[in-house]
Amino acid sequence: MGFFIKYEIKKMKISIITVFPDIYESFLKLSLIGRAIEKKIIDVKLIRFSDMCEPKVRIDNPACGPGAGMVIKPEVIQKAIQKSEREWGKGFKIFFSPQGERLEQPLLKKLAQKFFLKESSQRVETKEDHIILVCARYEGIDQRVEDFYADLILSIGDYVVMGGDLPAQVFLESFLRLVPGVVGKFESVEKESFSGPFLDYPTYSLPKEWNGLKVPEILLSGNHAEIEKFRKKQAAKKTVLNRFDWFRSSNPKKEEIELAKEFIPNHYVALMHTQVLVQDNKEGNTSITSLDIHDIARSSATYGIKNYFVVSQLKDQQNILKSFMEFWLSDEGKEYNLSRFEAVKRIIPAFNFEDVFNKIKEKEGVEPIIITTSAKADNSKNIRPKIIDYSCQKEIFKKKRPVLFLFGTGKGLSYSILEKSDYLLLPVNGMTNYNHLSVRSAVAIILDRWLGLFNKL
Ligand SMILES: C[S@@+](CC[C@H](N)C(=O)[O-])C[C@H]1O[C@@H](n2cnc3c(N)ncnc32)[C@H](O)[C@@H]1O
């Protein structure tokens, strides 16, 4: 950001091809778009589909094949595009469809850069200055027309509206505010939701108290530095709780991650070798596996898990774990592989579930939320926990309690453990009937789905 230094821009020309030009009448007259047209920053031309046909000739044809639906004739769209290009030169053609690319701020920013903004530049030239918006209705657009003409197909979301006019207006409202001069204070555009990893901070106005609700004291203090800090924190909180999906896919910087972490509760993982189902689905114990210890410790370190509990009530298994840890936490182990030391140091041996629960409660001063995992999470056994999926972070994070993920070995966690948990996470599945993952693979996948960052280009 911060790339709006100096700009030189030709007037942005927008052709709108539509069945209903009247829909745009007040839209183009009022508000900031009307002002921008008055100030000659943008110019808009409406082209009516029916003007491209002889009088009394329909603009549409029934869709080929069985089924209902009318489609605007290809030659009518062609004529409309040719008309607009004759008047204003070659245009960048945007079609609207629920099947198109999702209209999001990063895409708008890319478009703005394409047309009139150049990062870190002292001078910005407009490369293209004519955009053609093709707004279909009825059953949509003849596929051949889209294939032939569309430079970009935009969707305003995963729902179907009756025509392309509202999508075109949504596009114009979001895109034109990035045109320098359309919105008065440019900084406000740059700092808004979706321009970085955090949403905008919450805003308040006078009166100081309304319906018993007060404006936060700090905002009335006049201390700009403290207000800035407060707003940043509130923005981070709102984003983590409301749109964790946005935060994790917006390439946050180190300091932004640190800020977000203040609102993500501490997470713990326990691998159960005790209180698990073994032969004949009886509750029993399994052996500790060195590969699991290494790999789950490494996954835990990657995803910021506070501690990884290795749980066995068997003395010989505890001794195996003890000697493993003694080596990796010794000077020799640390020197041999420092990064492995970093991972192993978060392991805590425990006897059983209750031991893990109490250890976390003691550390945090509050009971953890228990999330169990299973390859076959179904509610047919009438188990108590509520089933959640990988987008339920808000429900969990807002409780402000530590979170414990329980993983089973053998044939899975015993029913007594499932009964004690608050939530059961949906199983990990691919597009096959097979989902017998090794527990260390399941841990890695689940932690990534729950806490991972999805960096984007
Ligand atoms: C009724 S819709 C056709 C929907 C199409 N049969 C489908 O299921 O994908 C008619 C027109 O409305 C516009 N439209 C509907 N929903 C849209 C959305 N979510 N985003 C962008 N345009 C949309 C498109 O121009 C579309 O061609």
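The values are calculated or read from the model by the stated rules, or taken from the named source; none is laboratory data. Nothing here was measured: the structure is a model prediction, and the numbers come from that model. Virtual Cβ from ideal backbone geometry, glycine too; neighbours counted across all protein chains shown.
Miscellaneous remarks
- Every residue from the stretch 186-214 that is over 23 Å from residue 261 (Cβ atoms), of a type in the set (A, V, I, L, M) and either surrounded by 15 or more Cβ atoms within 10 Å (Cβ to Cβ) or touching a residue at least 40 places away in the same chain (Cβ under 8 Å) (or both): 189
- Restricting attention to the stretch 122-140 and to residues that are within 13 Å of the ligand (Cβ to nearest atom) and buried (at least 21 other Cβ atoms within 10 Å of the Cβ), the residue that is modelled with the lowest pLDDT turns out to be 140.
- Residue within the stretch 80-103 that is under 15 Å from residue 152 (Cα atoms), in a helix (DSSP H, G or I), free of Cβ contacts under 8 Å to residues at least 60 places away in the same chain and in contact with a Leu (Cβ under 9 Å, 6 or more places away or on another chain) present: no
- Residues (acidic (Asp, Glu) and either free of Cβ contacts under 8 Å to residues at least 60 places away in the same chain or farther than 19 Å from residue 265 by Cβ (or both)) located in the stretch 401-457: 419, 422
- Of all residues in the stretch 141-153, those satisfying the criterion of being more than 6 Å from the ligand (Cβ to nearest atom), within 25 Å of residue 176 (Cβ to Cβ) and among the aliphatic types (A, V, I, L, M) are 150, 152, 153.
- Residue ID - farthest from residue 165 (Cα to Cα), chosen from residues in the stretch 74-121 that are touching a Lys or Arg at 6+ places or on another chain (Cβ under 8 Å) and within 16 Å of the ligand (Cβ to nearest atom): 74
- The helices (runs of 4 or more DSSP H) found entirely in the stretch 247-337 that carry 3 or more residues being among the aliphatic types (A, V, I, L, M) are 254-261, 290-302, 315-329.
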